[in-house]
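K.L.:
My questions all concern the structure below.
The values are calculated or read from the model by the stated rules, or taken from the named source; none is laboratory data. Bear in mind that the values here come from a model prediction, so they are computed numbers and not experimental data. Using ideal geometry, Cβ is built from the backbone for each residue, glycine included, and neighbour counts are taken over all protein chains shown.
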């Protein structure tokens, strides 16, 4: 025997990325499914490390795959398809994160009637950070809404 079992001979080697890309560009849309299957777990882990909500992760992955499919003609192969798709997915995840994170704003600080009373109007997400300001260390009370 030559060291291979009959089952080894029946297993086809994986199709290279550049072949799948060429097939998709030639109109074989089913070939993109092979690309998705190959990189789905890797892209999921990447997007999940940025976004915490499962539905946001799945929506972002779908957006990334659509963008990748539409821009596949811009891929500069033959290697690096996984990195290229991960770059698209990372950018989509960061864009979604920026959309969902509240903007930290501080509208104004107003000295109340008492000399040590300040009012800081801020969003709930910045409440803790704003109230731990230098003013608090000097003893005045901070009231956040």
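K.L.:
Got a sec? Which of 79, 63, 73, 59 is in a loop (DSSP other than H, G, I, E, B) and either more than 14 Å from residue 95 (Cα to Cα) or free of Cβ contacts under 8 Å to residues at least 40 places away in the same chain (or both)? Walk me through it before giving the result.
P.N.:
Numbers: 63 fails: in a loop (DSSP other than H, G, I, E, B); 73 fails: in a loop (DSSP other than H, G, I, E, B); 59 fails: in a loop (DSSP other than H, G, I, E, B).
Going through 79, 63, 73, 59 in turn, just one is in a loop (DSSP other than H, G, I, E, B) and either more than 14 Å from residue 95 (Cα to Cα) or free of Cβ contacts under 8 Å to residues at least 40 places away in the same chain (or both): 79.
K.L.:
Let me confirm something: among 41, 74, which residue is surrounded by fewer than 10 Cβ atoms within 10 Å (Cβ to Cβ), closer than 30 Å to residue 100 by Cα and modelled with pLDDT of 95 or more? Give the derivation first.
P.N.:
Working: 74 fails: modelled with pLDDT of 95 or more.
On inspection, the qualifying residue turns out to be 41.
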